[in-house]
Amino acid sequence: MFMNEFEDKLHDIMNKFELVQKCCETLLEEEGFHMFLKFCLEFGNMLNKGTIRADAKAFSLLSINTLLFTRSKGPYYLSVFEYIMNKIYHHYSSIFTFLSKFDIFNEADKINTEELSQQITSLKR
């Protein structure tokens, strides 16, 4: 009985790791996603021109949250993120084909990393 329980837990853990690995591979392989990030970096550098933050070579993915919550004033109240998305879509809509492959992230988002860590620890015993 213990062996079956161990194998079930191990199988569950392996499935979660495979899902995370597939997400990582998707991020690395999707050229459209790379182009999108490049546009975000260029836009950020344009906004920061003349400051010490200009000419950045990279940015933290957490800074995308800032783009989501920074809004314009006026009748449309667009976030900076929405503005960037609209500009890219109108000029380079083909790069958004990567979005169809990102459905896998909805499932991976359900993985509780704390719970996964506890499952791994329990297997060590």
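The values are calculated or read from the model by the stated rules, or taken from the named source; none is laboratory data. Values in this document were obtained by computation on a predicted structure and should not be read as measured data. No Cβ is skipped: glycine too gets one built from the backbone with ideal geometry, and neighbour counts run over all protein chains shown. Surface accessibility is based on the protein's heavy atoms, side chains included, excluding ligands, DNA and RNA. Shrake-Rupley method; radii C 1.70, N 1.55, O 1.52, S 1.80 Å.
A Cβ distance below 8 Å, combined with a sequence gap of six or more or placement on separate chains, defines the contacts here; from the range 16-30, residues that are under 13 Å from ASP109 (Cα atoms) reach residues that are open to solvent by 40 Å² or more (accessible area, probe 1.4 Å) and of a type outside the set (S, T, N, Q) in the pairs LEU19/GLU107; CYS23/PHE105.
Exactly one residue among ILE84, ILE88, ILE111 is touching a residue at least 12 places away in the same chain (Cβ under 8 Å) and within 27 Å of ASN15 (Cα to Cα), and that residue is ILE111.
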